[in-house]
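Written out below as structure tokens is the structure these notes cover.
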Amino acid sequence: MTLLDATALRAVIPEVVGILVRRGADFASAEDAVQCAVLRALDPSRRETVLDIRAWLVTVAWRAFLDQVRSDAARTAREKQLARVPEPGPVPRRDDTLALYFLCAHPLLTSTSAITLTLRAVAGLTTRQIAEAFLVPEATMAQRISRSKQRLVGIPLDEPGDLSRVLRVLYLLFNEGYSGQIDLVAEAIRLTQQLAELTDEPEVHGLLALMILHHARGPARVIDGLLVPLAQQDRSLWDRDAITEGVDILQGALARDRLGQYQAQAAIAALHADAPTVAETDWQQIVEWYDELLAIGDSPIVRLGRALAIGEADGPRAGLVALATVDSRVPRYYAALAYLHEGVGDLDAAATEYEEAARRATTTLEQQHLLRQAYRISRGRGIDRAGQGLWN
């Protein structure tokens, strides 16, 4: 196997970090050492070939760690620590990947720090790749990662972790979307698939199903640089194999009878994906799943989604009544309000609200879409709203 096989290389990185930690390295130093080994492996000027990429990575990373120890300013203290470290030898098979998920999602870290550290230590991306994905200079990202690792000094790899926080980190990573040369959506799915192999918790599989189902509709979401609402999407562009996979994973999770928020969200996504046309969408069942989400944990975002679903199931007036319980500061509130006001024929209010929604939009694509809706109504074409839904 050549060391330029980046996919195979990244697959063993979490295990190798764990091995170095168990040999005596602290997490920050172990992760830095593994990154040094990864950069050597990806160096196009090198043409090394190995039989066991895991063993090679352990050897090179361990040597990098020893170099760090010997060159450290506090050499005496470090060498005392080194004296207690076992000599390199046969490496036992022990996968600490799950422990690294927990460590990188530690409560001491902000969500952003947890995402970037997960991409480095678990996904195996280089600092440059992560910086390109988040559209920041490499030096800036290096500082962020360094500060994140410093916050974890002294925390053992075996400390029990919070799986719900790991899932939250992966969910936020998925929502980052596409930037630079790294597809963060695909990376989030890969990491969640890996986590699903490490734990049998149904919520992990629920999150994986949710990601796959949303990603399956990706090719139809943006056409010629324009955002396309769900109601207008060409469903022939949806990845039906991925939808089948997502539904199968979801059904397996739901069969465990331990419902969680990600399973409920995935069920809503599955109902959208299963409908041959927007007119055949089972909106009533979608409302029922939103009710399940509210029972799990009340949230203004869930209430907003439920109001829109009620607007489709029972009419826009009923949707407006439901939306009245939602704080106007919630993202996309004014977009939902405009859509429902347009449905009841209050076009003046709808045009104004679409403009307000555009001002509050967080992406250029969404802003442009909302401005087009405002323009469409102001030009007197608001009466025919078929296919103008907000769902995406």
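The values are calculated or read from the model by the stated rules, or taken from the named source; none is laboratory data. Here the structure is a predicted model, which is why all the values come from computation and not from measurement. Note that each Cβ is placed from the backbone with ideal geometry, even for glycine, and that neighbours are counted across all protein chains shown. The accessibility values were calculated without ligands, DNA or RNA, using every heavy atom of the protein model including side chains. Shrake-Rupley method; radii C 1.70, N 1.55, O 1.52, S 1.80 Å.
Summed over segment 8-39, the residues that are free of Cβ contacts under 8 Å to residues at least 60 places away in the same chain and surrounded by fewer than 16 Cβ atoms within 10 Å (Cβ to Cβ) give a count of 1. For segment 145-170, a residue qualifies if it is open to solvent by less than 50 Å² (accessible area, probe 1.4 Å) and of a type in the set (Ser, Thr, Tyr), and exactly one does: Ser148.
Those residues that are open to solvent by less than 30 Å² (accessible area, probe 1.4 Å) and either at pLDDT below 95 or closer than 16 Å to Leu230 by Cα (or both), I need them from segment 282-296; list them, please. Selection gives Trp283, Ile286. One residue is enough: does segment 235-247 have a residue meeting the conditions surrounded by fewer than 19 Cβ atoms within 10 Å (Cβ to Cβ) and at pLDDT below 95? No, the conditions are met nowhere in segment 235-247. The condition of being in contact (Cβ under 8 Å) with a residue 12 or more places away in the chain, among the acidic types (Asp, Glu), out of contact with any Lys or Arg (no Cβ under 8 Å at 6 or more places or on another chain) and more than 19 Å from Arg258 (Cβ to Cβ) holds for only one of Asp298, Asp274, Asp282, that being Asp274. With respect to the conditions (1) in contact with an Asp or Glu (Cβ under 9 Å, 6 or more places away or on another chain); (2) over 14 Å from Val287 (Cα atoms), Gly319 lacks only one, and its number is (2).
When Gln150 is tested against the conditions (1) under 16 Å from the mean Cα position of the chain (by Cα); (2) modelled with pLDDT under 95; (3) of a type outside the set (A, V, I, L, M), the lone failure is (1).
Table: residues versus (1) more than 24 Å from Ala41 (Cβ to Cβ); (2) touching a helix residue (DSSP H, G or I) at 6+ places or on another chain (Cβ under 7 Å); (3) in a helix (DSSP H, G or I).
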| residue | (1), (2), (3) |
| --- | --- |
| Tyr101 | no, yes, yes |
| Arg128 | no, yes, yes |
| Glu132 | no, no, yes |
| Leu135 | yes, no, no |
| Ser148 | no, yes, yes |
| Val153 | yes, yes, no |
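Regarding Ala279, is this residue open to solvent by 60 Å² or more (accessible area, probe 1.4 Å) and at pLDDT below 95? For Ala279, the condition - open to solvent by 60 Å² or more (accessible area, probe 1.4 Å) and at pLDDT below 95 - is met. A residue that is open to solvent by less than 30 Å² (accessible area, probe 1.4 Å), at positive phi and either in a helix (DSSP H, G or I) or not hydrophobic (A, V, I, L, M, F, W, C) (or both) occurs nowhere in segment 297-308. Condition first: buried (at least 18 other Cβ atoms within 10 Å of the Cβ), modelled with pLDDT under 95 and in contact with a His (Cβ under 9 Å, 6 or more places away or on another chain). Can you find one or more residues in segment 132-144 that meet it? Within segment 132-144, none of the residues are buried (at least 18 other Cβ atoms within 10 Å of the Cβ), modelled with pLDDT under 95 and in contact with a His (Cβ under 9 Å, 6 or more places away or on another chain). How do the pairs read when you match residues in segment 136-158 that are of a type in the set (Val, Ile, Thr) with residues anywhere that are surrounded by fewer than 17 Cβ atoms within 10 Å (Cβ to Cβ) and part of a loop (DSSP other than H, G, I, E, B), using Cβ under 9 Å and keeping only pairs 6 or more apart or on different chains? Taking only residues 6 or more apart or on different chains, the pairs are Ile155/Leu108.
Among the residues of segment 174-225, the one identified as hydrophobic (A, V, I, L, M, F, W, C), open to solvent by 60 Å² or more (accessible area, probe 1.4 Å) and either assigned by TED's automatic domain parsing to the domain that holds Glu366 or part of a helix (DSSP H, G or I) (or both) is Leu198.
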